[in-house]
Each structure stands twice: as structure tokens, then as C-alpha cells.
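**Student:** For reference, the structure I am asking about is given below.
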Amino acid sequence: MKCVRREREARQWSRSELARRAGMANSTIGAIESGRLNPYPSQLHKIARALKYSGEPETLLDEVGADGSIR
């Protein structure tokens with residue numbers, strides 16, 4: 001699982017909700033979360049801003065293990 005998904009789920013948001021808040025398509029969020037799409041930096045910044053994420057936007061693409069550890 002990508003950190004972006006973990007952050008979204010921690011807020012109890014659907015993909016649609018994150019997409020709406022970030023001004024992006026739901027399908028784009030799904031593709032980023034699944035690793036099918038490598039987002040542009042501007043897309044990542046939109047997602048980070050929508051999530052009010054305090055870390056570096058690039059870390060939203062890190063993989064999260066089942067135990068919550070970042071790989």
C-alpha cells in the first residue's frame with residue numbers, strides 16, 4: 001500500500017473525496033495509489049495540500065508494509 005492511501009484512509013476519506021479536494025480525477029488517485037501511475041510533482045503537491053500532509057510530498061509514494069512500516 002502507498003502512503004497516500006494510508007493517509008487518505010486515516011482521514012476516513014474515499015478516493016472520490018481526496019480527488020475532489022485535490023482537484024483531480026478519481027481514477028488518477030486510484031492509479032497513483034495502486035502504483036500504475038507515477039504522478040507529476042504538481043499532482044503530488046496537490047494531494048499533499050489536500051491531505052494537509054506535513055511530510056515531503058514525495059514520501060506519499062513510499063510503500064507501507066502490513067505492519068505500518070515504510071519500505
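The values are calculated or read from the model by the stated rules, or taken from the named source; none is laboratory data. Note that the coordinates shown come from a computational prediction; the quantities given were computed from them, not determined experimentally. When we count neighbours, we look across all protein chains shown, and the Cβ atoms used for this are built from the backbone with ideal geometry, even at glycine.
**Student:** Taking the stated definitions as given, is ALA31 under 21 Å from GLY65 (Cβ atoms), aliphatic (A, V, I, L, M) and surrounded by fewer than 19 Cβ atoms within 10 Å (Cβ to Cβ)?
**Tutor:** Criteria not met by ALA31.
**Student:** Tell me, which residue of region 48-64 that is within 19 Å of SER16 (Cα to Cα) and in a loop (DSSP other than H, G, I, E, B) is farthest from the chain's Cα centre (by Cα)?
**Tutor:** For region 48-64, the residue satisfying everything is LYS52.
**Student:** Quick one: in region 28-47, which of the residues that are farther than 14 Å from GLU58 by Cβ and among the aliphatic types (A, V, I, L, M) is farthest from the chain's Cα centre (by Cα)?
**Tutor:** LEU37
**Student:** Could you list, in sequence order, all residues of region 4-16 that are assigned to a helix (DSSP H, G or I) and in contact with a Lys or Arg (Cβ under 8 Å, 6 or more places away or on another chain)?
**Tutor:** Within region 4-16, ARG8, ARG15 qualify.
**Student:** Could you list, in sequence order, all residues of region 17-27 that are over 15 Å from LEU60 (Cβ atoms), assigned to a helix (DSSP H, G or I) and either in contact with a helix residue (DSSP H, G or I) (Cβ under 6 Å, 6 or more places away or on another chain) or among the hydrophobic types (A, V, I, L, M, F, W, C) (or both)?
**Tutor:** Hit for region 17-27 is ASN26, nothing else.
**Student:** Ok, one more. Kindly indicate whether ARG8 is under 18 Å from VAL64 (Cα atoms), surrounded by 15 or more Cβ atoms within 10 Å (Cβ to Cβ) and modelled with pLDDT of 95 or more.
**Tutor:** Yes: the conditions hold for ARG8.
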